[in-house]
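Structure record follows, encoded as structure tokens.
The values are calculated or read from the model by the stated rules, or taken from the named source; none is laboratory data. Computed from a prediction, not measured in an experiment: that's the story for all the values here. Backbone-built Cβ (ideal geometry, glycine too); neighbour counts: all protein chains shown.
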Amino acid sequence: MEQFFADYLERLNTLSDNFVATFEDLPDEALDWVPGEDMNSFCVLVVHTTGSARYWIGDAALGESSNRHRDSEFQAHGLSHADLKARFSALEVYAQDGLARLTLADLGTTRSITSPYGENREVVASWALLHALEHTALHLGHAQITRQLWEQR
């Protein structure tokens, strides 16, 4: 595997581990707790973040359909700690397998996709991979703030 892809996986795995650390020692009721209006629970954050990363890595960079239903990610509830951790594990396994099949030249591949908002657009594989990391990091920050709000409630 090219060093770039190994480094990418290390960053993705670190973000995943940090995300799991935000909720793994909390009680079950914390997973579906919503801190306020227009905010999301840990359950929604995990389902959405992993669904989005799978989409950008798989659909956009690798050209493999995830059959993602973005809107349903925001309806997620009732999942256990193990269920949420398994979503990150599955993402890591998928990314490891998928990126092992890419070359540095593949990073310049342009794909026609339907964005999560329903618009048709062209994206370059490198952009899609970087966006997956960026989006995961953004929602990790949301999860960390949710953790703080849970502890201060």
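I'd like the full set of residues that are without any contact (Cβ under 8 Å) to a residue 24 or more places away in the chain, among the hydroxyl-bearing types (S, T, Y) and under 27 Å from D38 (Cβ atoms), limited to the stretch 61-88.
S66, S72
Among the candidates G58, G51, which residue alone is in contact (Cβ under 8 Å) with a residue 40 or more places away in the chain, crowded, with 16+ Cβ neighbours inside 10 Å and assigned to a helix (DSSP H, G or I)? Break it down into steps so the answer makes sense when it comes.
Details: G51 fails: in contact (Cβ under 8 Å) with a residue 40 or more places away in the chain.
Of the residues listed, the single one that is in contact (Cβ under 8 Å) with a residue 40 or more places away in the chain, crowded, with 16+ Cβ neighbours inside 10 Å and assigned to a helix (DSSP H, G or I) is G58.
For the stretch 69-153, please list each of the helices (runs of 4 or more DSSP H) lying entirely inside it that holds at least 2 residues being touching a helix residue (DSSP H, G or I) at 6+ places or on another chain (Cβ under 9 Å), among the small types (G, A, S) and under 21 Å from N18 (Cα atoms). Give the derivation first.
Details: elements: 70-73, 81-100, 125-152.
Ranges flagged: 81-100, 125-152.
Among (1) hydrophobic (A, V, I, L, M, F, W, C); (2) without any contact (Cβ under 8 Å) to a residue 24 or more places away in the chain; (3) more than 30 Å from L104 (Cα to Cα), there is one condition M39 misses while meeting the rest; what is its number?
Result: M39 fails condition (2) only.
Just to be sure before I move on: is S112 more than 19 Å from Q144 (Cα to Cα), touching an Asp or Glu at 6+ places or on another chain (Cβ under 7 Å) and among the polar types (S, T, N, Q) in the structure I sent?
Working: more than 19 Å from Q144 (Cα to Cα): yes; touching an Asp or Glu at 6+ places or on another chain (Cβ under 7 Å): yes; among the polar types (S, T, N, Q): yes.
Considered against the rule, which asks whether it is more than 19 Å from Q144 (Cα to Cα), touching an Asp or Glu at 6+ places or on another chain (Cβ under 7 Å) and among the polar types (S, T, N, Q), S112 comes out as yes.
Return the residues of the stretch 64-100 that are modelled with pLDDT under 95, over 14 Å from A53 (Cβ atoms) and surrounded by 11 or more Cβ atoms within 10 Å (Cβ to Cβ); say none if nothing qualifies.
Quick first cut of the stretch 64-100, residues modelled with pLDDT under 95 only: 64-75.
Restricting the remaining residues to those that are over 14 Å from A53 (Cβ atoms) gives 65, 67, 69, 71-72, 74-75.
Result: S72, F74.
Using beta carbons and a limit of 8 Å, which pairs, at least six apart or on different chains, have the first residue in the stretch 10-34 and at positive phi and the second one in a helix (DSSP H, G or I) and modelled with pLDDT of 95 or more?
From the stretch 10-34, no pairs qualify.
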